[in-house]
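Contents: one structure, followed by commentary.
Just so it is clear, none of the values below were taken in a lab; they were calculated from the coordinates. Here the structure is a predicted model, which is why all the values come from computation and not from measurement. All Cβ positions, glycine included, derive from the backbone under ideal geometry; neighbour counts span all protein chains shown.
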Amino acid sequence: MKILFLPWVISWIIYPLIIGAQSTTVQPRILIIPYVASGQNALEEFENNFSYRTAIIEVSNSLNNRGFKPDDIQEIIAKIKENEAISTLKGVGFDPVERIIQYSSADIIIKAEVYIHTDYSGANSVQVNLRAIDKVSSKSMYAMNFDASPHFKTDDYSYLARRCLTEKIKSTILLKDSTLHLRKCESMVEVFLVSWKPMINLSSIYLMK
């Protein structure tokens, strides 16, 4: 009896672990890169413009609050400056964006366009556009332009960026993620995260490496 009982106990303990391992998902690491479509230098703006930098950091925080682990771009820039013995990325003899990506351990690069609007009354608003790009293939995965936040007479650009990203959508949207589970999306940032299918099955990770 004891001999028969032991295998049963082992199987009772191990089976849930096997089932759990099969359904384990891993969030890819991400890196938020400031980006502008015009001729401006987004990194220079990030380094020198507090309002712009605050809004970009809020994009990173919003994704971090939803289970992702963004690489710290400020920390990466500091390492590049230290290693290259420079004080600024302006006018360097290499592509600073490519160098930042090389220093990053991220799987997905998210280019963030941030625009700060000020109306005639002095009230401010923030608009954000995001594009997810696979780091290895450089293939664009998904892009979304967010509606600008309402105008407020405030200099809290973190709040304005957060309003832009998390503004409630008019009706709840159900989308399937890459595990084919329906995800309820109540804000545009949630739609963005599900639409570029960030939920990667653990077995897929092994195949990708």
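Determine the sum of side-chain charges near LYS69: Lys and Arg each +1, Asp and Glu each -1, restricted to other residues whose C-beta is under 14 angstrom from that of LYS69. List each step's numbers first, then the result.
Details: positive: ARG29, ARG66; negative: ASP71, ASP72, GLU75, ASP107.
So the surrounding residues net to -2.
Here the label points at GLU82 and ALA143, each 7 Å from Cα along the C-beta direction, are separated by 3.6 nm in the simple model.
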